[in-house]
Amino acid sequence: MQFFKPTALALSLIFALSACSTDQSTTTVAANPTGITINNASEPETLDPHLAQGVQEANIIRQFSEGLVSTDNDGNLIPGIATEWTTSDNKVWTFKLRDANWSNGDPVTADDFVYSFRRLVDPATGSYYASYLEDAKLVNAQAVIDGKVKPEELGIKAIDDKTLEITLSEPVPYFVDMMIHSSVQPVHRATVEQFGEKWTDPANIVVNGAYKPSQWVINEKIVLEKNPSYYDADKVTLESLTVLPIPQATTDVLRYQAGEIDITASELPPEQFEQLKKDHGDELKTAPTLCTYYYDLNHEKPPFNDPKVRQALALALDREQIADKVMGQGQVVAYQFTPTAIKGNLKYTPQWQAWDTARRIETAKQLLAEAGYSESNPLNFDLLYDTNESHKKIAVAASSLWKQSLGFVNVNLTNQEWKSYLDSRRNGNYQMARARWCGDYNEASTFLNLRKSNNTNNWTRYKSAEFDQVMAQTLAAGLSDADRIKLYEQAERIMDQDHSQINIFYYANVRLVKPRVGNYANTDPLDQWQAKNWVINP
């Protein structure tokens with residue numbers, strides 16, 4: 001735990017940070033001559049597709065596991081294990097599977113997907129992504145999650161070894177888009193049952209993707225080697241991928257400049273950005289991405305069980321300062337949860353967005369006074385963030401802005417390592433927490449479903465019957481895409497009126513990439529990179 005008393009001076013120091021000196025030479029000889037090394041920013045909590053929760057875990061799982069469908073280098077939907085799919089009503093979907101094998105030689109069958117989908121929603125698994133299949137509207141998904149029926153009652157069955165049928169309770173036109181997510185990728189049943197929680201150890205794991213984990217040194221690296229049993233192995237030219245868990249962006253850059261890393265994590269040190277752009281030119285890649293940076297508020301704990309406190313802090317936070325001055329790498333200020341770059345161009349504008357700073361602060365002070373806070377009774381709360389230099393700078397800036405504008409607000413900044421941070425959030429052991437949500441697919445429901453009352457990833461404990469009802473209406477039969485967007489805008493309005501969270505900015509995907517990495521693309525708004533698409537340039 002770290003305790004800060006941020007002041008206007010602290011804020012000015014953050015905004016005035018000069019660019020750190022960088023090594024202007026670019027090393028082209030990587031430490032991994034036959035493969036590529038990428039920084040993933042943190043040690044994964046798990047490599048089990050049904051237990052993983054974060055982007056860091058999904059980044060690795062995506063390399064060794066392939067689901068019914070996949071995406072190409074630009075993020076377009078393409079066949080995966082399924083070569084084709086059909087539906088006449090957006091409720092009953094039939095998938096035809098290709099001839100593919102697991103890394104131990106076993107064939108990949110429809111039964112593998114039946115087992116894996118059932119395992120995802122089985123209460124015995126304890127997956128925080130269990131409600132993903134409820135969001136997808138598989139028949140009996142919620143009943144299985146609630147323990148009311150057995151997993152065998154889930155709306156999925158194998159017609160034969162190569163034909164899978166999935167039945168939904170309501171028509172979901174974007175259902176196939178949802179199938180790109182790591183939580184709905186198959187696992188090898190015999191391996192899971194034989195080794196239990198150790199099935200993902202490199203010595204035990206059996207996979208169906210382009211790569212196979214061969215080494216996992218905790219807090220140091222994960223090495224994945226090309227899987228010769230992969231159905232498309234002849235087109236995979238990269239022999240290996242090394243994934244590093246470096247949380248410090250400055251260390252990430254230094255090791256990149258030393259030639260130890262080919263691709264940095266997607267967050268570079270803000271204070272070095274201009275110098276890095278000058279020194280490394282085309283090696284610095286930037287692109288918008290469907291990720292939102294926000295502060296989660298625990299609705300079951302004081303002080304954020306009081307909507308007036310939630311509203312006051314949302315009004316008083318100067319997002320522009322954080323997006324433009326603390327970050328300054330192309331991040332876009334967020335006034336709604338769903339990124340405005342989402343397919344369909346969802347756009348909700350809160351009424352208070354047009355207010356000037358003075359009106360926002362005046363209203364925030366009045367709300368805090370009504371909630372019982374004053375100079376003699378200041379507002380005190382903890383702000384939890386995971387280990388990362390940018391998260392710390394944003395937290396210091398936010399707490400300084402609140403202190404500067406409201407006066408009687410004291411923020412205790414609490415830092416935890418990734419795994420502990422996730423544990424604290426999901427168990428409700430926080431008041432305010434740094435959060436990021438990245439789209440699991442390119443459709444607004446991937447963000448808004450998170451705030452449904454029964455969503456297993458809704459760690460804020462936010463509950464709104466009105467919000468749930470609006471989201472249920474989005475799947476009405478015959479609804480046009482335009483009508484669905486209007487309902488999503490209503491959902492954003494309800495979240496804003498309830499002050500469910502504090503949206504801050506939409507991420508930019510910012511990386512340094514060595515010239516030796518060929519076929520790297522940053523045109524996928526979901527940033528679902530796959531090493532099988534890369535090559536090593538001569």
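The values are calculated or read from the model by the stated rules, or taken from the named source; none is laboratory data. Owing to the predicted nature of the structure, the values given are computational and were not obtained by experimental measurement. Here Cβ is always computed from backbone atoms with ideal geometry, including for glycine, and neighbour counts include all displayed protein chains. The area values use the complete protein model at the heavy-atom level, side chains included, leaving out ligands, DNA and RNA. Shrake-Rupley method; radii C 1.70, N 1.55, O 1.52, S 1.80 Å.
For the reader, a short list of remarks on this structure follows.
- Inside the stretch 191-211, residues that are of a type outside the set (F, W, Y) and open to solvent by 60 Å² or more (accessible area, probe 1.4 Å) make up a count of 5.
- Residue within the stretch 244-266 that is touching a Leu at 6+ places or on another chain (Cβ under 9 Å), at pLDDT below 95, under 30 Å from K343 (Cα atoms) and of a type outside the set (S, T, Y) present: no
- Some residue of the stretch 11-21 being polar (S, T, N, Q), more than 24 Å from N101 (Cα to Cα), open to solvent by less than 50 Å² (accessible area, probe 1.4 Å) and at pLDDT below 50: no
- Verdict on K212 being out of contact with any helix residue (DSSP H, G or I) (no Cβ under 7 Å at 6 or more places or on another chain) and modelled with pLDDT of 95 or more: no
- Candidate set from the stretch 360-386 (those that are touching a helix residue (DSSP H, G or I) at 6+ places or on another chain (Cβ under 8 Å) and in a helix (DSSP H, G or I)); member that is farthest from Q404 (Cα to Cα): E370
- Selection status of K452, under 19 Å from L133 (Cβ atoms) and over 15 Å from the mean Cα position of the chain (by Cα): yes
- Of all residues in the stretch 27-41, those that are farther than 12 Å from S240 by Cβ and modelled with pLDDT of 95 or more have Cβ atoms under 8 Å from Cβ atoms of residues that are surrounded by fewer than 22 Cβ atoms within 10 Å (Cβ to Cβ) and among the charged types (D, E, K, R), 6 or more apart or on another chain, in N39/R255.
- Residue match in the stretch 406-419 (condition: within 24 Å of D324 (Cα to Cα), assigned by the TED database to the domain that holds L448, part of a helix (DSSP H, G or I) and among the charged types (D, E, K, R)): no
- The stretch 406-437, subset touching a strand residue (DSSP E or B) at 6+ places or on another chain (Cβ under 6 Å) and either of a type in the set (D, E, K, R) or free of Cβ contacts under 8 Å to residues at least 12 places away in the same chain (or both), residue most open to solvent (accessible area, probe 1.4 Å): R436
- Any hit, the stretch 456-464, residues being outside the structural domain of T71 (by the TED database), open to solvent by 20 Å² or more (accessible area, probe 1.4 Å) and out of contact with any Asp or Glu (no Cβ under 9 Å at 6 or more places or on another chain): yes
- Subset of the stretch 115-138 [touching a strand residue (DSSP E or B) at 6+ places or on another chain (Cβ under 8 Å) and either open to solvent by 10 Å² or more (accessible area, probe 1.4 Å) or among the basic types (K, R) (or both)]: R118, K137
- Scanning the stretch 510-521 for residues that are more than 23 Å from the chain's Cα centre (by Cα) and either assigned to a strand (DSSP E or B) or under 27 Å from Y294 (Cβ atoms) (or both) turns up V517, G518.
- Screening A369 on (1) farther than 30 Å from I263 by Cα; (2) in contact (Cβ under 8 Å) with a residue 24 or more places away in the chain shows it passes everything except condition (2).
- Residue that is touching a helix residue (DSSP H, G or I) at 6+ places or on another chain (Cβ under 6 Å) and open to solvent by 10 Å² or more (accessible area, probe 1.4 Å), where the choices are Q469, Q497, Q490, Q501: Q490
- Filter result for D279 (part of a strand (DSSP E or B), of a type in the set (D, E, K, R) and either touching a residue at least 24 places away in the same chain (Cβ under 8 Å) or not assigned by the TED database to the domain that holds T446 (or both)): no
- Given (1) among the hydroxyl-bearing types (S, T, Y); (2) touching a strand residue (DSSP E or B) at 6+ places or on another chain (Cβ under 7 Å); (3) in a loop (DSSP other than H, G, I, E, B), number of the condition Y507 does not satisfy: (3)
- Residue within the stretch 325-348 that is assigned by the TED database to the domain that holds V396 and without any contact (Cβ under 8 Å) to a residue 12 or more places away in the chain present: no
- The stretch 351-373 - residue that is under 11 Å from A312 (Cβ atoms) and hydroxyl-bearing (S, T, Y) and, of those, surrounded by the most Cβ atoms within 10 Å (Cβ to Cβ): Y373
- Set S88, S70: member being surrounded by 15 or more Cβ atoms within 10 Å (Cβ to Cβ) and of a type outside the set (D, E, K, R): S70
- Counted residues, the stretch 272-308 - those being surrounded by 20 or more Cβ atoms within 10 Å (Cβ to Cβ) and of a type in the set (D, E, K, R): 1
- The one condition in (1) under 23 Å from E443 (Cβ atoms); (2) among the hydrophobic types (A, V, I, L, M, F, W, C); (3) out of contact with any Pro (no Cβ under 6 Å at 6 or more places or on another chain) that F113 fails to fulfil: (3)
- Identity of the residue in the stretch 472-484, out of contact with any Ser or Thr (no Cβ under 9 Å at 6 or more places or on another chain) and over 23 Å from N454 (Cβ atoms), that ends up most open to solvent (accessible area, probe 1.4 Å): D481
- Look at the stretch 163-176: where a residue is on the phi > 0 side of the Ramachandran plot, no partner that is open to solvent by 20 Å² or more (accessible area, probe 1.4 Å) and not in a loop (DSSP other than H, G, I, E, B) sits 6+ places away or on another chain with Cβ atoms under 7 Å.
- Among the residues making up the stretch 239-264, those that are in a loop (DSSP other than H, G, I, E, B) and either hydroxyl-bearing (S, T, Y) or open to solvent by 10 Å² or more (accessible area, probe 1.4 Å) (or both) are E239, P245, I246, P247, Q248, A258, E260, T264.
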